[in-house]
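The values are calculated or read from the model by the stated rules, or taken from the named source; none is laboratory data. Everything numeric in this text was worked out from a predicted model, so none of it was measured. Positions of Cβ are backbone-derived with ideal geometry, glycine not excepted, and every protein chain shown enters the neighbour counts.
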2 protein chains.
Amino acid sequence: MRVHASGITVKKDVNFSEWYTQVIVKAGLADYSPVKGSIVVRPYGYEIWNTIRNLLDDDLKETGHQNGFMPMLIPESLLSKEKSHFEGFTPEVYWVTKAGGTELSERLALRPTSETIVYASFSKWIESYRDLPLKINFWNSALRAEIKNTKPFIRNSEFLWQEGHTAHLSEKDAQIEVMLILGIYQRLIEELLAVPTIAGLKSDREKFVGAVYTMTLESLMPDGKALQVATSHHLGQNFSKPFEIRYLDQKNEQCFVWQTSWGISWRLIGAIVMTHGDDKGLVLPPCIAPIQAVIVPIFRDDEAQNVKLRAHEIGDELRKSGIKVLIDDREEYTSGWKFNEWELKGIPLRINLGPRDIMEAQVELVRRDTTQKFKISRSSVVNSVSSILKEIQENLFRRAKENMTQNMTVVDTYDSFKISLGKGGFISTAWCGNQDCEIRVKEETGADLRVIPLEGQEVIPNQLKVCFCCKRTAAKIAIFAHAY
Amino acid sequence: MRVHASGITVKKDVNFSEWYTQVIVKAGLADYSPVKGSIVVRPYGYEIWNTIRNLLDDDLKETGHQNGFMPMLIPESLLSKEKSHFEGFTPEVYWVTKAGGTELSERLALRPTSETIVYASFSKWIESYRDLPLKINFWNSALRAEIKNTKPFIRNSEFLWQEGHTAHLSEKDAQIEVMLILGIYQRLIEELLAVPTIAGLKSDREKFVGAVYTMTLESLMPDGKALQVATSHHLGQNFSKPFEIRYLDQKNEQCFVWQTSWGISWRLIGAIVMTHGDDKGLVLPPCIAPIQAVIVPIFRDDEAQNVKLRAHEIGDELRKSGIKVLIDDREEYTSGWKFNEWELKGIPLRINLGPRDIMEAQVELVRRDTTQKFKISRSSVVNSVSSILKEIQENLFRRAKENMTQNMTVVDTYDSFKISLGKGGFISTAWCGNQDCEIRVKEETGADLRVIPLEGQEVIPNQLKVCFCCKRTAAKIAIFAHAY
């Protein structure tokens, strides 16, 4: 554990960007690296990623997905097989041109995403309908040369993620997979990370290059900017045709498979930090906290042994009931220093235990989310801690959801759109469905069409019958925002 | 599950190299990739790697190590900070020279290993003796341009591994860490992978470039060639000085840290395949098999429902007692086809269940390692399967250990050395300790000094008092072999 000379020195609502970076670095999640645009992830940050990974991996295995490994170098000829995909990614591809002292005859891309190399294998592995569906996931890193606007976990030249790739018998099967994954992602992000999202469709302009359509989960950060936290793509036969991924059906006819791909990245850690953190530092939802409760024994020298002993007894009880607990009985730091340290690191619950507490058969609990302090009886520790951790989890989600709801504005004119945009947040409005309006809005205001939400399309209110921008007939409710 | 038109078509002792490749590909562990020298790892192979990873990760966490993430791109100026390290790796480094359309001002290496980038961070994170020891592990891939003699899992341009990096207060602490890790590796490899090893020191010529010394685990493959399966390096202050990794000690004096690094890779999968496999395919040790037992219900159409039901009952019982079991009740394949398939994939134990077995309250077990078949009573299934899996694990290790012992020859002259070398295996002999003999042997015979074993140095037999090669006084017992 490193010593942090000081806590966070800026307020979240005064300088959000600087606050964010300070929390990342001072809470020990990540650090800058000697490579421009890349970060180093420290054990505390990695443990959070690993927890997310394990939770999602269980869900994916339960739904019949398996993990594999693909090389990170992709020959240019392979990357360029699907044209729009290649054109979309090529501006940010890192190219290997030399191996040792030898110039390569064909340059190799560091994978910006693995569709092309995965599908080269799929075309070998799939022969018959019996080989389908094929559902493989990869836990790896992707590399995209990001030189400006980099931000730890949000936009980096290399990032950890998972990318799932599937092949199906029919278009319908692929479409079902796209939604199955979107649902798994949404439960993970909302129930465990306590980050509320809006699920929906990306516009054609914003979809994954090479996809037929892209489903997305969009969340809203406290600075009023949107953050895309997960995507699930229906690829149709856009890749199976150039990559010749065919199967023999039961009538012995050759058919192209239908495909999907989907991913989440460590950007989710960024979403957690932004959504829940406060002026004292990180606040972690209990479901993904590497340490859910920290016990701080408070003692003078002559009482040390007894207080520590009692702290370890409590620790053992909590551990047995499945709570991730740490006992901070280090003698080289003061209690005050420890309180600051664990607040900075966002441990959901702190348990203070002093000689007097022992005498009175109680402990003191301090909630990280509300800063509430209260005494509970020693005998109820396990039950109380469990139920308070649940409350914290719920409270974090409720608070974030309220924030998202309060910062969702419905507008029906371009003027009110621009006014709302100035305040930040999601702007829900009616859109004609044409790219020219989308492009005009982007050019004039910098806002993107983030999502065409799944919910709320059925009954379009009266004032939203025409496009806010061009006044042609509205086709859809769409949500715009400035975005990361 | 892919259909394998045929099993292994060559015998292990006739064409070992071709046999190995067929097992890898036909058992569905890995496949060739469109990138020269790289492989694609299929779910079955990845699951074995993941099992090894989880087992080792638990050991590392218990001994106070934590995981982190480091970028894979290393600027040339950083990679070259430790001179011998740079010179050792530079012939096989992949260089990124372009990002998108832009030529980079400094080229970036794909990590061949991460010492340099990790230690750039260590120098920031370590300030005081309280920050030590710092013990961080990375699960990632490393890239080394291998163009010839590539072999799946054994030598590839990209490979999955873990690399641990630690910093300590004293030289002694670092030396203890080197041996702690060597012991963890040896237990993992011998007890769980059932691959016997010889632990010892590498010669200066063979040590890691940049290390003070390297400890190694060497195993012997059935074709008589040695395979290095793990290394643990004492780095001394060779990196802490150029990277300026210093701490303030308790007397407030600046000291350089003492360091170690160590790793194992997916090469261990290659060792498992080579060591245990046979003419029918893969044979997996139960401790690392993704599926430990497969139940094959055998039935005609009219009996299907009942036999399947009983098979699932047995499956549930086994699963509850912690055994990884699969029930293969697919109707589109014959029992014979299934037997071949699961033998090819090396499942340690097969359980056959037909209508007659049900009537007689028994099941048939078939051991993969010995091909023994025997009936056991239905009521003893859980106990029998557990104990037979243990026996299989022990038998595989015993068999491999016998093979290693039988192929270890002690020689005292260069002539007998050369004769033994022709037969393959480990050659134990007395060595003067000088590199000139090592180099002469390598040039004249192609054999390497694999390891100076920890055991057996105390009492050097009479006939081994002089170097087998130069006849100068012998300094050490050393083991030579042709190697992968």
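General remarks:
- Check on B:G100, crowded, with 20+ Cβ neighbours inside 10 Å and at the interface with chain A (Cβ under 7 Å from one of its Cβ atoms): no
- Residue match in segment A:258-267 (condition: part of a helix (DSSP H, G or I), within 28 Å of A:D223 (Cβ to Cβ) and not aromatic (F, W, Y)): yes
- In segment B:154-165, the condition of being more than 9 Å from chain A (Cβ to nearest Cβ) and farther than 28 Å from B:F243 by Cβ is met by at least one residue.
- Extreme residue, farthest from the other protein chains (Cβ to nearest Cβ), among residues of segment A:73-97 that are in contact with a helix residue (DSSP H, G or I) (Cβ under 9 Å, 6 or more places away or on another chain) and under 19 Å from A:L160 (Cβ atoms): A:F89
- Set B:I154, B:I181, B:I126: member being hydrophobic (A, V, I, L, M, F, W, C) and over 25 Å from A:E47 (Cβ atoms): B:I154
- If you filter segment A:201-213 down to residues that are surrounded by fewer than 23 Cβ atoms within 10 Å (Cβ to Cβ) and in contact with a Ser or Thr (Cβ under 8 Å, 6 or more places away or on another chain), you find that the one that is modelled with the lowest pLDDT is A:V209.
- Of the residues examined, A:L29 is not one that is more than 14 Å from every other protein chain (Cβ to nearest Cβ) and buried (at least 17 other Cβ atoms within 10 Å of the Cβ).
- Taken together, the residues in segment A:106-119 that are within 10 Å of chain B (Cβ to nearest Cβ), over 19 Å from A:A145 (Cβ atoms) and over 24 Å from the mean Cα position of the chain (by Cα) amount to 1.
- Criterion: surrounded by 24 or more Cβ atoms within 10 Å (Cβ to Cβ), in a loop (DSSP other than H, G, I, E, B) and in contact (Cβ under 8 Å) with a residue 60 or more places away in the chain - qualifying residue of B:F239, B:F243: B:F239
- Checking B:G45, B:G88 one by one, the residue that is touching a residue at least 60 places away in the same chain (Cβ under 8 Å), part of a helix (DSSP H, G or I) and within 25 Å of B:L344 (Cβ to Cβ) is B:G45 and no other.
- Any hit, segment B:216-230, residues being buried (at least 18 other Cβ atoms within 10 Å of the Cβ), farther than 30 Å from B:W19 by Cβ and modelled with pLDDT of 95 or more: no
- No other residue among B:D13, B:D57 is surrounded by 16 or more Cβ atoms within 10 Å (Cβ to Cβ), acidic (D, E), farther than 30 Å from A:K98 by Cβ and at pLDDT 95 or above apart from B:D57.
- Selection from segment A:32-60 of residues that are closer than 16 Å to B:N67 by Cα and at the interface with chain B (Cβ under 9 Å from one of its Cβ atoms): A:I39, A:V40, A:V41, A:R42, A:P43, A:Y44, A:G45, A:Y46, A:E47, A:W49, A:N50
- Those helices (runs of 4 or more DSSP H) lying entirely in segment B:310-424 with at least 2 residues exposed (fewer than 15 other Cβ atoms within 10 Å of the Cβ), of a type outside the set (A, V, I, L, M) and free of Cβ contacts under 8 Å to residues at least 12 places away in the same chain: B:335-344, B:381-406, B:414-423
- In the set A:I314, A:I295, A:I269, A:I323, only one residue is of a type in the set (A, V, I, L, M) and assigned by TED's automatic domain parsing to the domain that holds A:Y46; that residue is A:I269.
- Filter result (in the same structural domain as B:G456 (by TED's automatic domain parsing) and among the basic types (K, R)) within segment B:391-443: B:K418, B:K423, B:R440, B:K442
- So B:G68, is it in contact with a strand residue (DSSP E or B) (Cβ under 7 Å, 6 or more places away or on another chain), small (G, A, S) and crowded, with 21+ Cβ neighbours inside 10 Å: yes
- Apart from one condition, A:L188 fits all of (1) buried (at least 20 other Cβ atoms within 10 Å of the Cβ); (2) part of a strand (DSSP E or B); the exception is (2).
- Residues located in segment A:442-484, provided they are of a type in the set (A, V, I, L, M), farther than 19 Å from A:L421 by Cα and without any contact (Cβ under 8 Å) to a residue 60 or more places away in the chain: A:V459, A:I460, A:V466, A:A474, A:A475
- Selection within segment B:311-334 - within 17 Å of B:L353 (Cα to Cα) and at pLDDT below 95: B:D329, B:R330, B:E331, B:Y333, B:T334
- Residue within segment A:125-135 that is among the small types (G, A, S) and closer than 15 Å to A:G68 by Cβ present: no
- Considering B:I52, B:I74, B:I117, the condition of being outside any helix (DSSP H, G or I), modelled with pLDDT of 95 or more and hydrophobic (A, V, I, L, M, F, W, C) is satisfied by B:I74 alone.
- Sole residue being at pLDDT 95 or above, more than 22 Å from B:W49 (Cβ to Cβ), touching a helix residue (DSSP H, G or I) at 6+ places or on another chain (Cβ under 8 Å) and not assigned by TED's automatic domain parsing to the domain that holds B:S428, chosen from B:F239, B:F138, B:F159, B:F153: B:F239
- Residue in segment B:434-464 that is nearest to the chain's Cα centre (by Cα), counting only those that are at pLDDT 95 or above and among the small types (G, A, S): B:A447
- Hits in segment B:427-457 - residues which are of a type in the set (A, V, I, L, M), outside any strand (DSSP E or B) and over 19 Å from B:T231 (Cα atoms): B:I439, B:V441, B:A447
- A count restricted to segment B:143-158 and to residues that are part of a strand (DSSP E or B) and buried (at least 21 other Cβ atoms within 10 Å of the Cβ) stands at 2.
- Leading residue by the ranking (farthest from the other protein chains (Cβ to nearest Cβ)) among those in segment A:120-139 that are of a type in the set (S, T, N, Q) and either in a loop (DSSP other than H, G, I, E, B) or farther than 20 Å from A:V209 by Cα (or both): A:S123
- Checking the stated criteria, A:P290 turns out to be at pLDDT 95 or above, of a type outside the set (A, V, I, L, M, F, W, C) and within 22 Å of the chain's Cα centre (by Cα).
- Top-ranked residue in segment B:40-58 [being aliphatic (A, V, I, L, M) and within 16 Å of B:L29 (Cα to Cα); ranked as farthest from the chain's Cα centre (by Cα)]: B:V40
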